[in-house]
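The values are calculated or read from the model by the stated rules, or taken from the named source; none is laboratory data. Everything quoted here is computed from the prediction, not taken from an experiment. Here the Cβ is made from the backbone with ideal geometry for all residues, glycine too, and neighbour counts use every protein chain on show. These area figures cover heavy atoms from the full protein model, side chains too; ligands, DNA and RNA do not enter into them. Shrake-Rupley method; radii C 1.70, N 1.55, O 1.52, S 1.80 Å.
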Amino acid sequence: MFSPFGVLLIGLSLLVGLWVVLTYNAFIRGRNTVRGSWAQVDVELKRRHDLIPNLVSTVQGYTDHERQTLTSVTAARAAAVSASASGDVSKVGPAENALTQSLRSLFAVSENYPDLKASANYLDLTQLGQTENRIANARTSYNQTVQGYNTAVQSLPASLIAAPLGFTVSPFFEADPADREPVHVRFTQNPPAAAA
């Protein structure tokens, strides 16, 4: 029938085959989790993209001479929507970082207009701030998922079959280098009012 060596070889082959199947299924689960996490980021980015035109038109009514800031936000939004449509995380990250920078400028401009900040339309757009927080949370979740998946793909012995089976590392959604700079806070002192 079978020699002891043959039985051992068959048993070993079955164990290796079982390990390959289990590892493959783990890679599939990891890749699907990464895709699901990215879908959550994408939903929040779409929400952000939808809110921006309302914010720009609201600010535009109050600040016609701040045209450059508004143009910058509009262009950054268009680039972000285009990058998002590509589905390529390596393109979406830089485009979204540029949009974040231009939105900061827009919010800084809005600080100069108290009437604008009291506008009902502007107050309704506080959703954009909430969306920014949701994007940050989704981005964190995505990066954690990518880290787990990438670790599985790059760790031995699973890495021996990852590449031949078509599993590669996923890119992280990285922050803009400017966001890593420390925030500089400057206080200005107003001169005291003259006594009447």
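Observations on the structure shown:
- Within the range 137-173, considering residues that are small (G, A, S) and in a loop (DSSP other than H, G, I, E, B), the one farthest from V41 (Cα to Cα): A158
- S155 being of a type in the set (S, T, Y), open to solvent by less than 70 Å² (accessible area, probe 1.4 Å) and at pLDDT 90 or above: yes
- Qualifying residue in the range 159-172 (condition: within 22 Å of S37 (Cα to Cα), open to solvent by 100 Å² or more (accessible area, probe 1.4 Å) and either within 20 Å of the chain's Cα centre (by Cα) or at pLDDT 95 or above (or both)): no
- Checked against the criterion of being on the phi < 0 side of the Ramachandran plot, surrounded by 12 or more Cβ atoms within 10 Å (Cβ to Cβ) and assigned to a helix (DSSP H, G or I), the candidates V41, V16, V21 yield just one match: V41.
- All conditions in (1) hydrophobic (A, V, I, L, M, F, W, C); (2) modelled with pLDDT under 85; (3) within 19 Å of Q147 (Cα to Cα); (4) over 12 Å from the mean Cα position of the chain (by Cα) hold for V89, with the sole exception of (4).
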